[in-house]
Every structure is written in C-alpha cells, then in structure tokens.
Amino acid sequence: MALGAEPGDVSWLIVRQLAVIVLAGLLGGAAGAWALQGVLRTMVFGVRPADPAVFAAAVVIVGATSAIAALLPARRAARLDPVAALRQ
C-alpha cells in the first residue's frame, strides 16, 4: 500500500495466495483418501469410504474454515498503516 496498492488489492493478494495452497491441499487430500479406501474401510464405521457426500462435506468444511482463516489476516493487512509497516 506504501507503493500505491489499494486495500482491496492487498486483501485479494493474500486470499489468492492462500486459496492456491488450500486448493492444492484439498485436491491432494481427496486423491489420497480416494486411493487409500481400503485402509479407510477398517477405520470408519457406518459410512462407505467412497461416499461422495462424505467427500463433499469434508471439502466444504475444510474450504470454509480455510476461507475464514484467509480473510482474517487479509482484512488486517488491508487496514495496516503503510507508514507503520515501512518503519518496521
């Protein structure tokens, strides 16, 4: 922001960077869980390991938690005084 960026640009930068990491983690985790269905069968009871609803619920819960975790620091960075940031 000290070089002319708008607060919205700073927020979008932080959210976009975290979204890439979260998306990679979600895809990797879902692929790993799908590949390890045989092992998961022995660990979960009452739910089929390949149940699409379970996968979707896990993705939604992790995605929503990650979105909240990304928005809080993004909002804080957008409110930061550029002069105070340059001093540190």
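The values are calculated or read from the model by the stated rules, or taken from the named source; none is laboratory data. Just so we're clear, the structure is a prediction, and the values are computed from it rather than from any experiment. Please note: Cβ atoms are built from the backbone with ideal geometry, for glycine as well, and neighbour counts cover all protein chains shown.
From the list Ala5, Ala50, Ala33, which residue is on the phi < 0 side of the Ramachandran plot and either touching a strand residue (DSSP E or B) at 6+ places or on another chain (Cβ under 8 Å) or part of a helix (DSSP H, G or I) (or both)?
Numbers: Ala5 fails: either touching a strand residue (DSSP E or B) at 6+ places or on another chain (Cβ under 8 Å) or part of a helix (DSSP H, G or I) (or both); Ala50 fails: either touching a strand residue (DSSP E or B) at 6+ places or on another chain (Cβ under 8 Å) or part of a helix (DSSP H, G or I) (or both).
Answer to the selection: Ala33.
What tally of residues in the range 72-88 results from selecting those that are surrounded by 13 or more Cβ atoms within 10 Å (Cβ to Cβ) and either hydrophobic (A, V, I, L, M, F, W, C) or at positive phi (or both)?
Result for the range 72-88: 4.
So the check is Cβ under 8 Å with 6+ separation or different chains; which pairs have a first residue in the range 52-65 that's closer than 13 Å to Gly25 by Cβ and of a type outside the set (A, V, I, L, M, F, W, C) and a second one that's surrounded by 11 or more Cβ atoms within 10 Å (Cβ to Cβ) and at pLDDT 90 or above?
Between residues of the range 52-65 that are closer than 13 Å to Gly25 by Cβ and of a type outside the set (A, V, I, L, M, F, W, C) and residues that are surrounded by 11 or more Cβ atoms within 10 Å (Cβ to Cβ) and at pLDDT 90 or above, the close pairs are Gly63/Val22; Gly63/Leu26.
Write out, first by first residue and then by second, each pair whose Cβ atoms fall under 8 Å of each other, whose residues are 6+ apart or on separate chains, and whose first residue, in the range 18-34, is over 21 Å from Leu71 (Cα atoms) while the second is surrounded by 12 or more Cβ atoms within 10 Å (Cβ to Cβ) and modelled with pLDDT of 90 or more.
Gly29/Val62
Pairs, please: C-beta under 6 Å, at least 6 apart or cross-chain, first residue over 18 Å from Trp12 (Cα atoms) and in the range 74-87, second of a type in the set (A, V, I, L, M, F, W, C)?
Between residues of the range 74-87 that are over 18 Å from Trp12 (Cα atoms) and residues that are of a type in the set (A, V, I, L, M, F, W, C), the close pairs are Leu86/Ala2.
Do we have any residue at all in the range 62-80 that's of a type outside the set (Val, Ile, Thr) and assigned to a loop (DSSP other than H, G, I, E, B)?
Looking for residues that are of a type outside the set (Val, Ile, Thr) and assigned to a loop (DSSP other than H, G, I, E, B), one finds at least one in the range 62-80, hence yes.
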